[in-house]
Amino acid sequence: MFRLSAARSRPELDARPSRWAPRRLVPKVLAGSALAVLATAVIAPSAGAQDTAPDATAVLGTQVNLLWVVLGAVLVIFMQAGFALVETGFCRRKHAAHVVSTNFAVFGLGFIGFFFVGFPLAFGGFSYAAFGLDKPVGDALLGSGNWIFLFKGGWALSGGGITPALLGFFLYMVAFMDTTATIPTGSMAERWKWGSFVIWGLFCGAIYYPLFAAWTWGGGWLAKTWDTMSLGAGYVDFAGSGVVHAVGGVAALAGAIALGPRIGKFGKDGTPKALPGHHIPMAMLGTFILLFGWFGFNAASTFAATDVQFATVALNTAAAAAFGAITAMLWITKRTGKPDPGMMANGMLAGLVAITAPCAFVAPWAAAVIGIIAGVLVIESVFFVERKLKIDDPVGAISVHGVCGIFGVLAVGIFANGSYGAAWNGSTVKGVEGIIKGNWSQLGAQVLGAVVICTVIFGVVFAFFKIQDAISKAMGKGGIRSSEADEIEGLDIPEMGVLAYPDFP
Amino acid sequence: MQLITAIVKPFKIDDVKDALKAAGIGGVTAAEVRGFGRQGGHTETYRGTEYEIDFVPKVRLDILVDEGLVDQVITTIKDAAVTGKIGDGKIWVTPVSRVLRIRTGEEGADAI
């Protein structure tokens, strides 16, 4: 097992509710040259004149780190295109304009919800000096001390503390939220009313995603379980196997249950029927675009280019993707006789989802193992969901994001090797360690997080869909599922008014 | 020999196929077509401009049968394809003067 040093200076504890302790000493300056010069003049160095040179370098480092965050945001936003192509390719031709439009619109809908209230609720108390977010924009809204459930500050990105660093951070976080928001559009495809979906997008950005994000990344109670429950470094999730993917996956599960299966999916005796997607190349292109964007998702989660662990993270991400795809290829061939392209694509995504939480804390061999396990897990999960649970998931979102997301959360507690993550969540750990280092308490924190996702978070989103459905029916609008006639005709015309592939050109 | 042609709703073709197999019919040719009858089309808007969609997607089935089976096959298709809603389709019969199986060269009833 080889060890990379995470940073050149020793880590420090940070008493403020923040995602990580800052890993290098950074003067309290804003990322702006005039103010930086003024601030360095005000700070009285205890040593001699050579302190002004490191200060300028440190300022540049902060600026570079903010650039890294914004680049990461751009890469993750591009993943919206990946999701759109994967889902549309896996669905039928007559619904293509509708499916791709849900993926398109969810970016803006989630953004709007997050812009007005979601971001403050999740990250009002967050700060991280490495890219220039020195002070949180707000503080606790619900709860206090180690038991914070929601934050406040920065409503509609206005008020005090709205700096470029904060806005760059918002952009990165909105991209993660939109990833969660777009996951259920896959499992609910081909029978979801447009108007009902629109409400989901706003709800996800405003309330649903911020809940678990506040409890973990925002510095809330799950992050503090290292202190309140002596669980390792608290709940650890580097880039969001849990916070983003499993949270999206349980929403996909709740939505698929609430809508029910597509017409013709299950025979009278319950045997599943194949409803093949209409464009395999589109689905695979989408998978590659997701792989591309995932480097922003994972590697830029160091929030610092000055923290070269980003290279380890990038490699681990690629390794899990490669091993996941090939394992899935071999496993589906073993199970059904041929290397089904859809399952290969799901295998790559499963590996990526599963490595997303542990990517900074594990060695490359472990990243490969995680990819291999995910490649088998996703296929068996798809079979289980379809054949045993009789739930219709046109793209496998529940299995890729929900099941493999939970696996990724647990994988931190198993494969983390202690080489990185000192003072995570403000704790006293020297690094995040799992079972392979003989440490079981981290797994405890991970299991707690997984249980919370599968119970509380699932409960919230399931209630949302059921209540929305009941209100829609009470208003005479027929519920959140499209009518049988519309579904049979294809949602493109009845819902969107255009055909993805018009008849005669 | 007769050629039975049926125009049915696309989502009905699995039911029709299963019914024909159960009735012992050996082969069918299917094609995706578009058409209209009384069902008619409707007006939609594309980027602000209205346009008519007249042609509705259907599936056309062609089946070669012996004289004696024509009535039975028509009934089988009709019962499997009917929904009661407008646009269910039509079935018609045309006489066929000669049929040949390419692989063996058989003709007539042996070729069906």
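Structure notes:
- Ranked by the mean number of other Cβ atoms within 10 Å of their residues, highest first, the peptides A:312-321, A:394-403 fall in the order A:394-403, A:312-321.
- Sites count as exposed loop sites when they are trypsin sites (Lys or Arg not before Pro), lie in a DSSP loop, and have at most 15 other Cβ atoms within 10 angstrom; the longest stretch of chain A without one is A:29-267.
- Peptide B:3-16 is shielded by partner chain Cβ atoms: per residue, an average of 1 of them sit within 10 Å of its Cβ.
- When the Cα convex hull of the protein assembly as shown is projected onto planes of every orientation, the mean area is 33.5 nm².
- Among the listed pairs A:Lys268/B:Lys58; A:Lys265/A:Lys334; A:Lys268/A:Lys388; A:Lys334/B:Lys21; A:Lys193/A:Lys268, those with a Cα-Cα distance over 21 Å are A:Lys268/B:Lys58; A:Lys265/A:Lys334; A:Lys334/B:Lys21; A:Lys193/A:Lys268.
- Sequentially through region A:144-150, phi angles give Karplus couplings (6.51, -1.76, 1.60; θ = phi - 60°) of 7, x, 8, 10, 9, 10, 8 Hz, Gly and Pro residues having no value and appearing as x.
- Amide H contacts of B:Gly35 (H built 1.01 Å from N, under 5 Å, at least 5 apart or other chain): B:Val56, B:Lys58
- Taking region B:1-37 and a reference point 7 angstrom along Cα→Cβ of B:Glu107, the backbone N atoms nearer than 19 Å belong to B:1-3.
- Inter-part distance where region A:334-350 and region A:162-227 are each reduced to a Cα centre, Å: 29
- Farthest toward positive dipole pole in the protein assembly as shown [+1 Lys/Arg, -1 Asp/Glu at C-beta], among A:Val250, B:Ala109, A:Leu133: A:Leu133
- Other residues within the sphere of radius under 15 Å centred on the Cβ of A:Gly195, judged by their own Cβ, net out at +2 (K and R +1, D and E -1).
Quick note: the coordinates plus some simple rules give every number you see, no bench work behind them. On a predicted model such as this, the values are computed, not experimentally measured, just so you know. Cβ coordinates were reconstructed from backbone atoms using ideal geometry, including for glycine residues, and neighbour counts include every protein chain displayed.
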